[in-house]
Amino acid sequence: MKPQPSERLTSSADQRATGLARAFVDQGHEPGFCPSEPHSLQELGLPFSFVSDLILKIMYFNGNILGRDIAARACLPWSVASEALTFLASEGYCGTTGIRGTHGPGDDFAESFQYLVTNTGRDRAREILELNQYAGPAPVHLDDYLESASSLADEAPVVSAEELQQALRHLVVPEQLIEVVGTALTGRQALFLYGPPGNGKSSIAEACATVLGDPIFIPHALYVHGEVIRLFDPVHHRLVSGPPIPHDRRWVLVYRPVVHAGGELRGNELELAFDRSLGFYEAPLQLKANGGIFHVDDFGRQMISPRQILNRLIVPLESGIDYLNVARAGTTVSVPYAAVLLLSTNLDPGELVDEAFLRRVRYKALVPDPTAEQFRLILQRVCQSRGIQYRDEVVDYLLQKHYAPVGRALRGCHPRDLVDQIVATARYLGIHPELSRDLVDRVARAYFSDIRTSPTQHLGGDARTLS
């Protein structure tokens, strides 16, 4: 039997509500902060008018909708959502078409009512939407977020060498580098990784978040002086799976975030960004990174200068407090800065910023090219993961023909890239992928290039002009 629209909606809402309340209980881990579910508007901490307007917008965008689904979309308990629905009905903004869903023992039968917006309600909704089109989970008051974020800032768990080595076990990096990274993470201090490209700086940033502590709860959005700031970002926040934990559904449980910003980073992404068409704010990247890592990759290649980036972050780095300008409310609010700033670049750090700025980033570590021995180890691991037999004599051939004669540097990413191209080339040729001289030559010609060589030389001196 094909499910009805209301049944599909209820199922997805229940799955979402359950899925967002997960933790590592089966592994003996629990988040340090767990928001309890509010049972009244007073405990919710939001103005009643805001909650009513939010629920009206949800009904306006979703058409006929069950009461329990309204509460699920707003991430509110039914006891709170029903108060707003009762008010909206008394004002003539919504009505019901009767019971359209099932309800279990102990449930309020009104949860199974199907609600719809009246013509008067549509007019009211359009007025509200001109100011703010936010119709997602109810936001958390800034004061409630400050309490949870402050606990994150106060936490400073010791990162043991064993833990970090385990987190970096998939990488081949020097022991001295691991020590610098571990010390910086333990002290919650900024870290500057520099060195040639392709040696694992981004992978190190990803691994660092796994040793910063257990998963954390973050709000979907914040309520600040009548404005909404969207905080949860599926691009940067990964939901945790596991047994459910009862909690305030306006919060979601996520792994420690790693917020990446590369060469595309712009100055406005470090400030509250107001969307004029939607009428609410997007949180800056460093706020989304609270509790985890804020990774500025390719430092020095951004649209804004390295000096501008550090000037913007220098106060949060030193004081642990960031200041956000809520322009539409005409005020500035302070929020904890509880992220580890990680800068990585393949440029010379001394040419990017002066000594005074580098002093503020206390920990600096070179991520060097792998040695020949390390290169072989990486290649051996990649071959094993791709189901290809490792042959040391072919690696000798690779190094002697495609590296030594041209003085090509070894990079940590080369083994993975070359083996993946061997697999793709073998599939194209219809042969079994293997570490052979012929396939090594084929992929090396495609992978490596020498921009100093003319196109004619590349074509064996037989280049012709197409006309």
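A compact table of results
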| quantity | calculated |
| --- | --- |
| Selection count where residues are assigned to a helix (DSSP H, G or I), over 23 Å from the mean Cα position of the chain (by Cα) and within 30 Å of SER277 (Cα to Cα), scope region 312-363 | 3 |
| Residues (buried (at least 23 other Cβ atoms within 10 Å of the Cβ), among the β-branched types (Val, Ile, Thr) and more than 19 Å from PRO234 (Cα to Cα)) located in region 197-219 | ILE204 |
| Selected residue (only one of PRO196, PRO234 is closer than 30 Å to TYR281 by Cα and of a type outside the set (Asp, Glu)) | PRO234 |
| Among residues of region 31-59, those that are touching a strand residue (DSSP E or B) at 6+ places or on another chain (Cβ under 6 Å) and small (Gly, Ala, Ser), counted | 1 |
| Condition broken by PRO47, with the remaining ones in (1) surrounded by 16 or more Cβ atoms within 10 Å (Cβ to Cβ); (2) in contact with a Gly (Cβ under 9 Å, 6 or more places away or on another chain) satisfied | (1) |
| Every residue from region 148-169 that is in a loop (DSSP other than H, G, I, E, B), at pLDDT 70 or above and loosely packed, with under 14 Cβ neighbours inside 10 Å | VAL158, SER160, ARG169 |
| Number of the exception - LEU278 against (1) more than 20 Å from the chain's Cα centre (by Cα); (2) farther than 21 Å from GLN133 by Cα; (3) surrounded by 15 or more Cβ atoms within 10 Å (Cβ to Cβ) | (2) |
| In region 230-258, residue nearest to PRO77 (Cα to Cα) [restricted to those that are part of a strand (DSSP E or B) and of a type outside the set (Lys, Arg)] | TRP251 |
| Of all residues making up region 424-435, the number that are crowded, with 18+ Cβ neighbours inside 10 Å and either more than 36 Å from the chain's Cα centre (by Cα) or not in a helix (DSSP H, G or I) (or both) | 2 |
| Residue within region 174-189 that is in a strand (DSSP E or B) and either among the hydrophobic types (A, V, I, L, M, F, W, C) or assigned by TED's automatic domain parsing to the domain that holds LYS57 (or both) present | no |
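Rundown of residues vs (1) in contact with a Ser or Thr (Cβ under 7 Å, 6 or more places away or on another chain); (2) at pLDDT 95 or above; (3) under 30 Å from VAL367 (Cβ atoms); (4) surrounded by 11 or more Cβ atoms within 10 Å (Cβ to Cβ), yes/no style:
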site	(1), (2), (3), (4)
ARG391	no, yes, yes, yes
GLY407	no, no, yes, no
HIS414	no, yes, yes, yes
ASP417	no, yes, yes, yes
ILE422	no, yes, yes, yes
ALA446	no, no, yes, yes
ARG452	no, no, yes, no
GLN457	no, no, no, yes
LEU466	no, no, no, no
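The values are calculated or read from the model by the stated rules, or taken from the named source; none is laboratory data. Model, not experiment: these values are computed from the prediction. Ideal geometry is used to build each Cβ from the backbone, glycine not excepted, and the neighbour counts take in all protein chains shown.
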